Amino acid sequence: MNEVGHHVRHRFVEALFKLTSESNTVFSIESILNESLLDEEEVMSVLNTLGSEASRIGNYWKLTVPRLFAALELDPSCIGNLIDSIDWREFEGLVAFILGRWGYRTMNNVRLRLGGQLMEIDVVGIKGDRVVLVEAKRWRRNAMKGVVEAHLRKAEAMRNDWMKVARKLGLPLSEARIYPVVVSWKREEGSFALPVVDITSLNGLASALDSTPDALPSLRASMNSLDL
């Protein structure tokens with residue numbers, strides 16, 4: 001990507017987030033032109049880059065993917081500047097959308113009472129016997145080590161009471177492999193007991209789950225026995 005192309009994409013994304021919301025991603029060319037100060041040729045070049053991810057409706061355009069996903073496609077470097085424009089629901093929706101593109105059936109904000117405690121999983125992705133548990137951290141108020149430890153405890157509780165979990169979630173799985181993952185807004189440094197990836201690296205993690213699932217930390221759950 002050349003410098004001019006990057007500049008155009010960046011200005012387009014900034015304008016897009018000022019003109020749209022999570023639930024309304026319709027915009028006009030005129031509004032993008034006025035907000036971004038790009039010319040029409042530059043704006044149309046960005047829309048052509050999006051291809052089927054944006055469709056024309058009369059004098060308006062509508063994104064056919066979440067606007068955060070479009071931002072990742074156009075200019076990943078701008079993601080850190082958008083954090084004040086979104087809430088946690090939109091971030092979790094992006095995580096679920098990306099997993100869905102990899103063939104996962106997803107559920108958001110799953111609540112379970114296990115071991116006498118109520119716990120919530122931000123995003124659950126199911127693909128075959130693979131169950132991915134995502135803790136989505138739009139921002140970090142606590143040390144990541146504590147976030148990881150708490151998330152791992154949730155995964156272990158689900159593993160230990162798999163029959164109840166499978167029935168509660170409607171999963172036809174007598175056995176499953178549980179992958180606890182933390183997806184953060186920004187890259188986290190350090191060594192953790194489970195994968196901690198920033199949102200721009202989630203595609204890479206999904207690819208690794210497909211190609212080398214044994215290389216990633218997991219918990220084996222079974223209705224008949226419990227084993228790591």
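Looking for whichever is part of a helix (DSSP H, G or I), over 30 Å from Ser45 (Cα atoms) and touching a residue at least 12 places away in the same chain (Cβ under 8 Å) here; the options are Ala166, Ala176. Which one fits? Selected residue: Ala166, the only one of Ala166, Ala176 that is part of a helix (DSSP H, G or I), over 30 Å from Ser45 (Cα atoms) and touching a residue at least 12 places away in the same chain (Cβ under 8 Å).
Here's the yes/no breakdown for (1) of a type in the set (S, T, N, Q); (2) closer than 30 Å to Arg11 by Cα:
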site: Pro66; (1), (2): no, yes
site: Ala70; (1), (2): no, yes
site: Pro76; (1), (2): no, yes
site: Gly80; (1), (2): no, yes
site: Phe97; (1), (2): no, yes
site: Arg101; (1), (2): no, yes
site: Asn108; (1), (2): yes, no
site: Gly125; (1), (2): no, no
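Of note, Trp88 satisfies the criterion of being open to solvent by 70 Å² or more (accessible area, probe 1.4 Å), in contact (Cβ under 8 Å) with a residue 24 or more places away in the chain and either touching a Leu at 6+ places or on another chain (Cβ under 9 Å) or under 29 Å from Asn108 (Cβ atoms) (or both). In the stretch 30-48, is there at least one residue being part of a helix (DSSP H, G or I) and on the phi > 0 side of the Ramachandran plot? Checked the stretch 30-48: no residue is part of a helix (DSSP H, G or I) and on the phi > 0 side of the Ramachandran plot.
Put simply, of Leu82, Leu99, Leu114, Leu94 the only residue that is touching a residue at least 40 places away in the same chain (Cβ under 8 Å), in contact with a Gly (Cβ under 7 Å, 6 or more places away or on another chain) and among the aliphatic types (A, V, I, L, M) is Leu99.
Only one entry of Ala136, Ala208, Ala143 meets the criterion of being out of contact with any Lys or Arg (no Cβ under 9 Å at 6 or more places or on another chain), free of Cβ contacts under 8 Å to residues at least 40 places away in the same chain and closer than 23 Å to Glu73 by Cα, and that entry is Ala208. A single entry from Arg167, Arg138, Arg105, Arg113 fulfils the requirement of being open to solvent by 10 Å² or more (accessible area, probe 1.4 Å), modelled with pLDDT of 95 or more and on the phi < 0 side of the Ramachandran plot: Arg105.
One line per residue, one yes/no per condition, for (1) at pLDDT below 90; (2) over 21 Å from the mean Cα position of the chain (by Cα); (3) open to solvent by 10 Å² or more (accessible area, probe 1.4 Å):
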{"site": "Met163", "(1), (2), (3)": "no, yes, yes"}
{"site": "Leu171", "(1), (2), (3)": "yes, yes, yes"}
{"site": "Ile178", "(1), (2), (3)": "no, no, no"}
{"site": "Lys186", "(1), (2), (3)": "yes, no, yes"}
{"site": "Ser191", "(1), (2), (3)": "yes, yes, yes"}
{"site": "Asp210", "(1), (2), (3)": "no, no, yes"}
{"site": "Asp214", "(1), (2), (3)": "no, yes, yes"}
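The values are calculated or read from the model by the stated rules, or taken from the named source; none is laboratory data. Remember, predicted model here, so these are calculated numbers, not experimental data. A quick note on method: Cβ atoms are made from the backbone with ideal geometry, for glycine too, and the neighbour counts reach across all protein chains shown. Accessible surface areas use protein heavy atoms only, side chains included; no ligands, DNA or RNA. Shrake-Rupley method; radii C 1.70, N 1.55, O 1.52, S 1.80 Å.
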